[in-house]
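Some notes on the structure that comes next.
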Amino acid sequence: MAVMQVDFVSQCLMRTVTIKVILPLDKIAKMNGEKAYVPEKFKTLYLLHGMLGNHTDWIDGTRIQRWAQEKNLAVVMPAGENRFYVDNPREGAYFGEYIGRELVEMTRKMFPLSEKREDTFIAGLSMGGYGAIRNGLKYHKTFSHIAGLSSGIMLEDILNSTNEPVMPFMRRSYYESVFGDLSQLEGSDMDYKALICKLKEEKADIPKIYLCCGTEDFLLKYNRDYRDFLTEKGVAVTYEEGPGAHEWDFWDTYIKKVMEWLPLDEGSNGLNSGNVGVE
């Protein structure tokens, strides 16, 4: 299992950025001599972290390396810096374009990744769930599958926010710094419901969507609402709930379910530090 940290200069963000990449290409033959299968081009999951996190979160908090190894899946994890993965022209920081276009193009140049839409997926948790849904829909010609875990799809709360909350990232001033003029947010390309309506009108090929949320999660009602909206609009959605709050035990369990939902091959582990048995 190759795990790499890569720095490169992003034109969309106008600075050096750091990503973490899982690439299961270094498999050793099994004890019985059978060669471990490694594809020439890897199916790829672009995986986004949540608020207060960075590009190391998914590796630190879940068994994503194990699942990627088993499924021959490349995983690319960027840093979102509390910016919800959307474009901010005022700051010259185009996080949405970075995720939906530049990051995909750059990693395909760096690594043996499939360039097929059907092999390219995006997912995330909390803020990253919002980012995956927004950018997966906006760049629907790039991504075939979108997965949101405990997604921060709380547009109504953002629109009605004030500057009273103690936590800075819950204040209206913070949301304005991320989304700009909040009076223009509803119906824009940062509105995950408006994006669905636009794609339906265009008769576009909408990516397959998976949503999940813990039954004790404060974001549960928002995820249920989006599930109901998608169903009402005739958009196929796989939705799951289970015990858990807004925490890593839930996300570790459900990122495995995301892997099972994605159209992945049954890979071969080969020999590694966690798999040395004779088959």
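The values are calculated or read from the model by the stated rules, or taken from the named source; none is laboratory data. Note that this is a predicted model, so its numbers are computed, not measured. Every residue, glycine among them, receives a Cβ derived from its backbone with ideal geometry; neighbour counts consider all protein chains shown.
Here are some notes:
- Phe169 being surrounded by fewer than 16 Cβ atoms within 10 Å (Cβ to Cβ) and under 21 Å from the mean Cα position of the chain (by Cα): yes
- Picking from residues in the stretch 207-219 that are outside any strand (DSSP E or B) and closer than 16 Å to Ile153 by Cβ, the one that is nearest to the chain's Cα centre (by Cα) is Pro207.
- Selection status of Lys193, assigned to a helix (DSSP H, G or I), closer than 26 Å to Asn163 by Cα, at pLDDT 95 or above and not β-branched (Val, Ile, Thr): yes
- Of everything in the stretch 69-85 that is among the polar types (S, T, N, Q) and part of a loop (DSSP other than H, G, I, E, B), the residue that is surrounded by the most Cβ atoms within 10 Å (Cβ to Cβ) is Asn72.
- Close pairs (6 angstrom Cβ cut-off, 6 or more residues apart or separate chains): over 10 Å from Val178 (Cα atoms) in the stretch 84-98, in a helix (DSSP H, G or I) anywhere: Gly96/Asn135
- Residue match in the stretch 229-237 (condition: in a helix (DSSP H, G or I) and polar (S, T, N, Q)): yes
Conditions tested, residue by residue: (1) out of contact with any Phe, Trp or Tyr (no Cβ under 9 Å at 6 or more places or on another chain); (2) over 21 Å from Thr253 (Cα atoms); (3) surrounded by 17 or more Cβ atoms within 10 Å (Cβ to Cβ); (4) in contact (Cβ under 8 Å) with a residue 60 or more places away in the chain.
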site: Val9; (1), (2), (3), (4): yes, yes, no, no
site: Leu13; (1), (2), (3), (4): no, yes, yes, yes
site: Ile19; (1), (2), (3), (4): no, yes, yes, yes
site: Lys27; (1), (2), (3), (4): no, yes, yes, yes
site: Lys41; (1), (2), (3), (4): yes, yes, no, yes
site: Ile64; (1), (2), (3), (4): no, no, yes, yes
